Amino acid sequence: MVKFDPNWYNKFVQSTNEKDLLVNKISDILAGKPHNSCLEIGLGTSPYFAQKLSKNFERYVVVERRVLEEELPKGVELVNNDWENIQLREKFDAVISSHVIYYFNDKKSATEKMFGAVNEGGRVIFVVNGKESDYGPLKSFFSKLIGESYKFTYDELLEILKGRNTKEYTLPSEIRFSSFDELFDTLRLSFDNYPKEYQKLKPQIMEYFEKNIRGEKFIIDQKIIEVQK
């Protein structure tokens, strides 16, 4: 299982407009739909989604395995546990899983468990990185450097969700940087399953940036996949 690094995560989030884009779009998706309860799985290092979205629900619950130092918004409930191990008896109108599927030991089992936690007519909302724009080609380039085939989590998730009622939205988010060194450090989070290889191959990656990245922004297509149960 990939180990979550809070410092890499914070560096990434501080350099991108990703969170605002996602919250605004998820709010639009949920508008006019059942809003009694929401379950958020994983929150990174800050309760950003909970702060913005909890006001739309009578009950908002977060499952997070990390011991929190951050203060949750008033009324938001915390279940301090690992999603793959927890046993929940209740169901929710919405389940939000943003950028956490990468960290599951068994992605299919963890995903199916989300559908077991949502009410009939409710929605599970996934967020993963797409494979277009700047992000996808870089990941493919890196996989060739280390001599391993790479399967995008986006493709894995689509396979798991095959046969379900899905809607997909693409939100291009920007990573702003002032130098390729800064971009290299910001993108460590995206290579956290190969941290030593990523550092060792920095010269080749920097050369790739110089040849392929124009301007002072790196684009990652955020994929929101809405699934109605």
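Summary table
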quantity	calculated
Residues located in the stretch 124-159, provided they are open to solvent by less than 30 Å² (accessible area, probe 1.4 Å) and not aliphatic (A, V, I, L, M)	F126, N129, G130, Y135, G136, K139, F142, S143, F152, T153, Y154
Meets criteria (closer than 30 Å to V227 by Cα, modelled with pLDDT under 95 and touching a strand residue (DSSP E or B) at 6+ places or on another chain (Cβ under 8 Å)) for S133	no
Filter result (of a type in the set (S, T, N, Q) and more than 19 Å from the chain's Cα centre (by Cα)) within the stretch 151-192	N165, S178, S179
Filtered residue count, the stretch 205-229, keeping only those that are more than 26 Å from Y169 (Cβ to Cβ), touching a helix residue (DSSP H, G or I) at 6+ places or on another chain (Cβ under 6 Å) and not hydrophobic (A, V, I, L, M, F, W, C)	1
The stretch 172-229, residues that are small (G, A, S) and closer than 19 Å to Y150 by Cβ	S190
Wholly enclosed strands (runs of 3 or more DSSP E) of the stretch 1-113 bearing at least 1 residues open to solvent by 30 Å² or more (accessible area, probe 1.4 Å)	59-63, 76-79
Test: residue in the stretch 144-167 that is of a type in the set (G, A, S), closer than 30 Å to I205 by Cα and in contact with a Ser or Thr (Cβ under 9 Å, 6 or more places away or on another chain)	yes
Cβ pairs under 8 Å, 6+ apart, first in the stretch 128-154 and on the phi > 0 side of the Ramachandran plot, second open to solvent by less than 40 Å² (accessible area, probe 1.4 Å)	S133/I219; S133/I220; S133/D221
Yes/no for Y60 being without any contact (Cβ under 8 Å) to a residue 60 or more places away in the chain, hydroxyl-bearing (S, T, Y) and within 24 Å of G116 (Cβ to Cβ)	yes
Residue satisfying condition, being of a type in the set (D, E, K, R), free of Cβ contacts under 8 Å to residues at least 40 places away in the same chain and either touching an Asp or Glu at 6+ places or on another chain (Cβ under 9 Å) or closer than 26 Å to I29 by Cβ (or both), within set K200, K162, K211, K223	K162
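Residues are listed down the side, and each one gets a yes or a no for (1) touching a Lys or Arg at 6+ places or on another chain (Cβ under 7 Å); (2) within 20 Å of V23 (Cα to Cα); (3) not β-branched (V, I, T):
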| residue | (1), (2), (3) |
| --- | --- |
| E182 | no, no, yes |
| L187 | no, no, yes |
| P203 | no, no, yes |
| K217 | yes, no, yes |
| D221 | no, yes, yes |
| I225 | no, yes, no |
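The values are calculated or read from the model by the stated rules, or taken from the named source; none is laboratory data. If you're wondering where the values come from, they're calculated on a predicted model, not measured in any experiment. Here Cβ is always computed from backbone atoms with ideal geometry, including for glycine, and neighbour counts include all displayed protein chains. Each accessible area value is taken on the protein alone, full model and side chains, heavy atoms only, with ligands, DNA and RNA left out. Shrake-Rupley method; radii C 1.70, N 1.55, O 1.52, S 1.80 Å.
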